[in-house]
Amino acid sequence: MIPSEIFLSTMRDCAGFSVSAFVDAHANDAVVSIRANASKFEYASASIEQSLLTASDGIFADENLAGSVAWCENAFYLKQRPSFTLDPLVHTGAYYVQEASSMFIHYGLSTILAEQRNLKALDLCAAPGGKTTLLASLPHFRLVLANEIIQSRVQALYENVVKWGASHVFVSNNDPEDFNNLEGFFDVALIDAPCSGSGLFRKDSDTSRMWNPDLVDFCSARQKRILTDGTKALAANGVLVYSTCSYSIEENERNLDFLMRDGEYESIQISIDRSWGVIETESPVHHAFGYRFYPDKLSGEGFFCAFLRKRTGGYFTHPEVSQKKGVDTHFDFLNKWINPAMEMTYSTYDKDVFVVDTINKEDVQLLQRILTIRKSGIRIGSLLRNDIIPDHELAMSTLYSSEIRTVELDKEQALKYLRKDDFSYDITELGWILLTYKGITMGWIKALSGRVNNYYPMKWRILMRK
């Protein structure tokens with residue numbers, strides 16, 4: 001949809017903006033891009049790209065691949081947008097459909113953090129989860145907390161995090177103010193702030209119709225509140241990533257000046273390849289560096305991001321607490337479900353059994369006391385005498401034991417499983433079975449005498465037929 005004259009008039013002072021080229025770009029369709037989940041292809045002998053070509057039944061065929069995203073590894077462009085819903089791989093978490101410009105955060109953090117490891121990251125406004133899964137894929141973080149402020153959006157975030165399968169990602173549903181009790185806890189805070197959405201005009205025509213200057217002012221004020229409350233949990237020398245899918249200076253460069261106003265932050269300049277088409281900009285007062293993405297200059301949609309380092313504040317100190325009730329180490333009967341090579345700590349809540357990476361045990365217990373946690377580690381299953389009913393979270397993770405029986409499905413069978421339709425399985429033994437598609441796990445079934453029970457989550461089943 002062609003942007004309005006009112007909108008275009010507000011853009012004339014934006015760095016790198018060209019009216020005619022910008023308008024022409026909006027006569028074209030939005031670019032389609034995906035980011036592969038390397039952990040799902042960990043044991044593949046081929047490259048990620050070759051694995052996708054082999055596994056995708058045409059979606060990533062040579063004739064539909066349009067190259068790699070320059071600033072993010074394992075990310076690719078597609079020439080045509082397929083029906084992703086009808087690709088079983090997307091339901092396994094093998095890849096995430098994500099806008100390419102926003103993947104620049106991968107490059108920025110990789111450059112800044114370099115060889116640092118065992119860090120903790122907060123994604124404050126995380127739904128639907130694209131940037132959370134990006135953080136989870138970086139080697140720098142041992143813990144990623146994906147928070148969503150709006151309760152109605154938490155379920156989508158939870159689903160995408162579960163499918164990605166990373167055990168070190170947690171989900172919370174809290175207001176930014178709730179993080180005041182975690183001052184100095186995180187090493188990196190990503191705030192992809194709610195915005196007026198002008199960068200999405202090509203993807204969503206409703207966004208263009210709803211845009212107006214009053215909306216920009218409203219969003220700018222809300223962003224300042226989120227930045228004020230949400231950054232208190234960032235440790236001294238920690239990195240703040242601020243981003244929006246808006247072009248407006250009020251929501252971007254002027255918010256950088258807001259952050260820089262009292263010396264609490266210093267701007268971080270990122271070295272970029274000029275051939276990428278990313279526009280470096282500076283805030284009008286404190287000259288903080290930001291990065292603008294225009295659809296006429298690169299393969300991607302409208303986006304803005306900046307990286308700042310916190311100069312003030314302190315570091316979080318864990319309080320002395322007693323052992324949390326429900327934690328137990330006597331779960332030997334679960335060894336048949338979990339890869340014994342993983343250093344995990346078990347805990348129970350009611351009848352559910354969870355595991356977290358042992359290195360994160362104390363942090364998780366702290367977060368559970370302070371925040372409203374919606375996902376904590378990997379839910380292994382529900383206790384049933386001396387065994388469990390395995391949970392879908394375990395099926396989506398990389399923690400499951402290699403001793404678990406698996407059955408490979410073809411595409412037609414996989415779609416029937418995802419719809420919870422009845423179909424015949426090639427099964428000779430009774431009991432729990434982990435289904436796979438192209439070698440990647442899909443979910444559980446239980447083979448009983450005379451029938452097979454489908455344990456794919458009912459609320460996630462696909463309804464599309466063709």
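Name the residues in segment 163-177 that are in a loop (DSSP other than H, G, I, E, B) and either of a type in the set (K, R) or touching a helix residue (DSSP H, G or I) at 6+ places or on another chain (Cβ under 7 Å) (or both), would you? Before the answer, list the steps.
Initially, segment 163-177 is screened for residues in a loop (DSSP other than H, G, I, E, B), giving 165-168, 173-175.
The answer is G165, A166, H168, N173.
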Enumeration of residues in segment 57-88 that are within 18 Å of E412 (Cβ to Cβ) and out of contact with any helix residue (DSSP H, G or I) (no Cβ under 6 Å at 6 or more places or on another chain): G58, I59, P82, S83, T85, L86, D87
task: Those residues that are in contact with a helix residue (DSSP H, G or I) (Cβ under 7 Å, 6 or more places away or on another chain), in a strand (DSSP E or B) and exposed (fewer than 15 other Cβ atoms within 10 Å of the Cβ), I need them from segment 342-390; list them, please.
output: D387
- line: Restricting segment 159-192 to residues that are of a type outside the set (S, T, N, Q), surrounded by fewer than 24 Cβ atoms within 10 Å (Cβ to Cβ) and touching an Asp or Glu at 6+ places or on another chain (Cβ under 8 Å), the one nearest to V23 (Cα to Cα) turns out to be D192
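Looking at S137, S83, which one is outside the structural domain of I359 (by TED's automatic domain parsing) and more than 30 Å from I268 (Cβ to Cβ)?
None of the other options fit; the residue is S83.
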query: Do we find a residue being under 20 Å from H106 (Cα atoms), in contact (Cβ under 8 Å) with a residue 40 or more places away in the chain and touching a helix residue (DSSP H, G or I) at 6+ places or on another chain (Cβ under 7 Å) anywhere in segment 207-227?
result: no
message: Of the conditions (1) assigned to a helix (DSSP H, G or I); (2) over 17 Å from the mean Cα position of the chain (by Cα); (3) of a type outside the set (D, E), I59 satisfies every one except a single condition; which number is it?
response: (1)
message: Taking the conditions exactly as written (assigned to a helix (DSSP H, G or I), among the aromatic types (F, W, Y) and closer than 30 Å to G377 by Cα), does F218 satisfy them or not?
response: no
query: Y242 passes all but one of (1) in contact with a Leu (Cβ under 8 Å, 6 or more places away or on another chain); (2) under 20 Å from L8 (Cα atoms); which number fails?
result: (2)
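Go through R142, R117 for me and flag whichever is part of a strand (DSSP E or B) and closer than 24 Å to L308 by Cα. Before the answer, list the steps.
Details: R117 fails: part of a strand (DSSP E or B).
Answer to the selection: R142.
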- request: Specify which of the listed residues (A75, A66, A46, A61) is of a type in the set (G, A, S), more than 25 Å from P457 (Cα to Cα) and modelled with pLDDT of 95 or more.
  value: A75
- line: Considering residues that are charged (D, E, K, R) and either surrounded by 15 or more Cβ atoms within 10 Å (Cβ to Cβ) or under 29 Å from the mean Cα position of the chain (by Cα) (or both), the number found within segment 399-430 is 7
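Just give me the residues in segment 431-441 being crowded, with 16+ Cβ neighbours inside 10 Å, out of contact with any Pro (no Cβ under 7 Å at 6 or more places or on another chain) and over 22 Å from T54 (Cβ atoms), in sequence order.
So in segment 431-441, the residues crowded, with 16+ Cβ neighbours inside 10 Å come out as 432-441.
Within this subset, residues satisfying the condition of being out of contact with any Pro (no Cβ under 7 Å at 6 or more places or on another chain) are 433-436, 438-441.
Once the filter is applied, which keeps residues that are crowded, with 16+ Cβ neighbours inside 10 Å, out of contact with any Pro (no Cβ under 7 Å at 6 or more places or on another chain) and over 22 Å from T54 (Cβ atoms), segment 431-441 yields only I433.
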Matching entry among N180, N160 (being assigned to a helix (DSSP H, G or I), free of Cβ contacts under 8 Å to residues at least 60 places away in the same chain and among the polar types (S, T, N, Q)): N180
task: Would you mention how many residues in segment 226-240 are of a type in the set (S, T, Y) and under 11 Å from L182 (Cα atoms)?
output: 1
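The values are calculated or read from the model by the stated rules, or taken from the named source; none is laboratory data. Note that the structure is a prediction, hence the values are computed from the model and not measured. Backbone-built Cβ (ideal geometry, glycine too); neighbour counts: all protein chains shown.
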